[in-house]
Amino acid sequence: MIEKLIDFFGKLFFRFIKKREKFFISLQKNNSKLIFTLLLFLFPFALILAYSGASSFKSRIWIFSGYMFISFLAILIAAFYFRGKQYYDRYKHGLEMVSINLYSKQYQKLLFTKEDIDNLTLLSAGLNVESKINNRNMIKNGKAANYFFIFSIMHRLVVGGIVDIDTKRRKILFEIIENSFLMNSENVNSDTLPSSFSRWNSDMKRSDIVVQEHQKVIKVLGIQ
């Protein structure tokens, strides 16, 4: 008898939890339903405030209406804020960057244009670029743009640098480079990016090698 009773109420509790979870999921999908639910939750508080704060029916109506209107306005402003934050978070690229005034530097020595610096500033603020930054720095034979220069730029801008960057942040780094840079007006080659980075990473750790691209970057932008 007790086992059946426990099983019966256990199933009822299970159905309650299941419906509760579905309800909260539905609120996440429908903002209008969420706002309506919050107002419904505040409804009894508005009634209590109205009846305890005034004696006449007209005054109670005004207090009740004012409370519900202010609550609705506050919820709506909060909804605007969180929706805006969602859009902003999507606009960010995912790596923590060093704050630097690039306009005060001699960026022309890095073969950047004003438009490049506008977009590099967005990148250094943690945001996605509006148009890709063109890397005009070429390798020694002058036949292709230099990937080491891009890595050196990112090493200067990413907090803590990118030497031996962990796997998760390396993936984000490669995505940022692909989405933010051109190699002498050509798209970044995603197939060669990992191997180029491995060579740069190894050279940066060797005391007997001077990475010229890195020296060029810090000469203009300074050390992090």
Pairing a residue in the range 200-215 that is within 17 Å of Ile162 (Cα to Cα) with any residue that is exposed (fewer than 11 other Cβ atoms within 10 Å of the Cβ), where Cβ atoms lie under 8 Å and the two sit 6 or more apart in sequence or on different chains, gives Asn201/Asp164; Asp203/Ile209; Lys205/Asp164
Taking the range 186-215 and keeping residues in a loop (DSSP other than H, G, I, E, B), under 21 Å from Lys171 (Cα atoms) and of a type in the set (D, E, K, R) leaves Asp191
Looking across the range 25-59 at residues that are open to solvent by 100 Å² or more (accessible area, probe 1.4 Å) and within 31 Å of the chain's Cα centre (by Cα), the single one that is modelled with the lowest pLDDT is Gln28
When the range 108-141 is checked residue by residue, the ones that are assigned to a loop (DSSP other than H, G, I, E, B) and more than 20 Å from Met97 (Cα to Cα) are Leu111, Thr113, Arg136, Asn137, Ile139, Lys140, Asn141
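The values are calculated or read from the model by the stated rules, or taken from the named source; none is laboratory data. Worth saying up front: this structure is predicted, and the values here are computed from it rather than measured. As a convention, Cβ positions derive from the backbone with ideal geometry for all residues, glycine included, and neighbour counts pool all protein chains shown. Note: accessible area is taken over every heavy atom of the protein model, side chains too, but ligands, DNA and RNA are not part of it. Shrake-Rupley method; radii C 1.70, N 1.55, O 1.52, S 1.80 Å.
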